[in-house]
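The values are calculated or read from the model by the stated rules, or taken from the named source; none is laboratory data. What you see is a predicted model, and the numbers here were worked out from it, not measured in a lab. Note: ideal-geometry Cβ built from the backbone for every residue, glycine included; neighbour counts use all protein chains shown.
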Amino acid sequence: MFIGHYALGLAAKKLAPKVSLGTLFLSVQLLDLMWPIFLLLGIEHVRIDPGNTSFTPLDFYDYPISHSLVTVLVWSAAFGLIYFVLRKYSRGAWILGAGVFSHWVLDFVTHRPDLPIIPGSTTYVGLGLWDSVIATVLVEGALFVIGVVLYTRSTVAMDKTGRYAFWGLIGFLPLIWVGNMFGPPPPDVQTLAYAALLLWLLVPWGYWIDRHRQPTG
């Protein structure tokens, strides 16, 4: 899942208006932001296997540190705790911790059974939404629309930057999503990892947007 994760980041602004959109994006995408780093370090592994599922050519056969259930619970608690220590905003800390965990929940829905329960476990879970392109597009697209609607009802632009930076992002994310759906598979794992690192750029984009918008409540 891609835009579905950002959808939850957008929607969470309504629940935690004091938290910047950039921080919300960091929470909901933390696992996928760490994953390419672990790939490049050789800690985790992936295969490029066209046909692995109908939606993606990637075989996520080894990512226990970034995506196992137990380690995700640890990442979630750590992220929320660090935010609370820095900001003293308990509601935001809980929402951000839940945001990290939401990534695993959405991956559980979309992935085939390749998500480990604990590092070293031979038990893998996943409901396999990716086995249907149509179902994936409908579910993820609906989540994105809901997230955009909730964010626009929760914030208002203070200037032109607040409008254009936000709607630029909302146009950009589906383009990347569609490109991943219909584009060729990556030529190799290293190229995939470096391309995935570009997702980090969406975090400062979120901070930029948030500096030019304010909560409506």
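Values computed for the structure shown
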| quantity | calculated |
| --- | --- |
| Residue count for the stretch 176-217, restricted to those that are exposed (fewer than 12 other Cβ atoms within 10 Å of the Cβ), among the hydrophobic types (A, V, I, L, M, F, W, C) and modelled with pLDDT of 95 or more | 2 |
| Selection from the stretch 18-43 of residues that are under 11 Å from the mean Cα position of the chain (by Cα) and polar (S, T, N, Q) | SER27, GLN29 |
| Flag if THR110 is β-branched (Val, Ile, Thr) and buried (at least 22 other Cβ atoms within 10 Å of the Cβ) | yes |
| Leading residue by the ranking (nearest to PHE55 (Cα to Cα)) among those in the stretch 157-188 that are aliphatic (A, V, I, L, M) and touching a strand residue (DSSP E or B) at 6+ places or on another chain (Cβ under 6 Å) | ALA157 |
| Single residue of the stretch 146-159 satisfying the filter (part of a helix (DSSP H, G or I) and in contact (Cβ under 8 Å) with a residue 24 or more places away in the chain) that is surrounded by the most Cβ atoms within 10 Å (Cβ to Cβ) | GLY147 |
| Residues that are among the basic types (Lys, Arg) and closer than 17 Å to TRP167 by Cα, drawn from the stretch 1-29 | LYS13 |
| Close pairs (6 angstrom Cβ cut-off, 6 or more residues apart or separate chains): without any contact (Cβ under 8 Å) to a residue 60 or more places away in the chain and within 21 Å of ALA195 (Cβ to Cβ) in the stretch 8-32, charged (D, E, K, R) and surrounded by fewer than 23 Cβ atoms within 10 Å (Cβ to Cβ) anywhere | none |
| Test result for GLY162, part of a helix (DSSP H, G or I), touching a helix residue (DSSP H, G or I) at 6+ places or on another chain (Cβ under 9 Å) and small (Gly, Ala, Ser) | yes |
| Residue match in the stretch 143-159 (condition: at pLDDT 95 or above, within 23 Å of LEU58 (Cβ to Cβ) and among the aliphatic types (A, V, I, L, M)) | yes |
| Meets criteria (aliphatic (A, V, I, L, M), over 15 Å from LEU10 (Cβ atoms), assigned to a loop (DSSP other than H, G, I, E, B) and out of contact with any Lys or Arg (no Cβ under 7 Å at 6 or more places or on another chain)) for ILE134 | no |
| Matching residues in the stretch 73-121 - criterion: being part of a loop (DSSP other than H, G, I, E, B), more than 17 Å from the chain's Cα centre (by Cα) and closer than 30 Å to VAL137 by Cα | ARG112, PRO113, ASP114, ILE117, ILE118 |
| Residue that is nearest to the chain's Cα centre (by Cα), among those in the stretch 124-137 that are more than 15 Å from TYR63 (Cβ to Cβ) and surrounded by fewer than 19 Cβ atoms within 10 Å (Cβ to Cβ) | VAL137 |
| Members of the stretch 53-72 that are free of Cβ contacts under 8 Å to residues at least 60 places away in the same chain and either touching a strand residue (DSSP E or B) at 6+ places or on another chain (Cβ under 8 Å) or of a type in the set (Phe, Trp, Tyr) (or both) | ASP59, PHE60, TYR61, ASP62, TYR63, PRO64, HIS67, SER68, LEU69 |
| Test: residue in the stretch 35-46 that is surrounded by fewer than 17 Cβ atoms within 10 Å (Cβ to Cβ) and touching a strand residue (DSSP E or B) at 6+ places or on another chain (Cβ under 7 Å) | yes |
| The stretch 185-214, residues that are of a type in the set (S, T, N, Q) and touching a residue at least 40 places away in the same chain (Cβ under 8 Å) | GLN190, GLN214 |
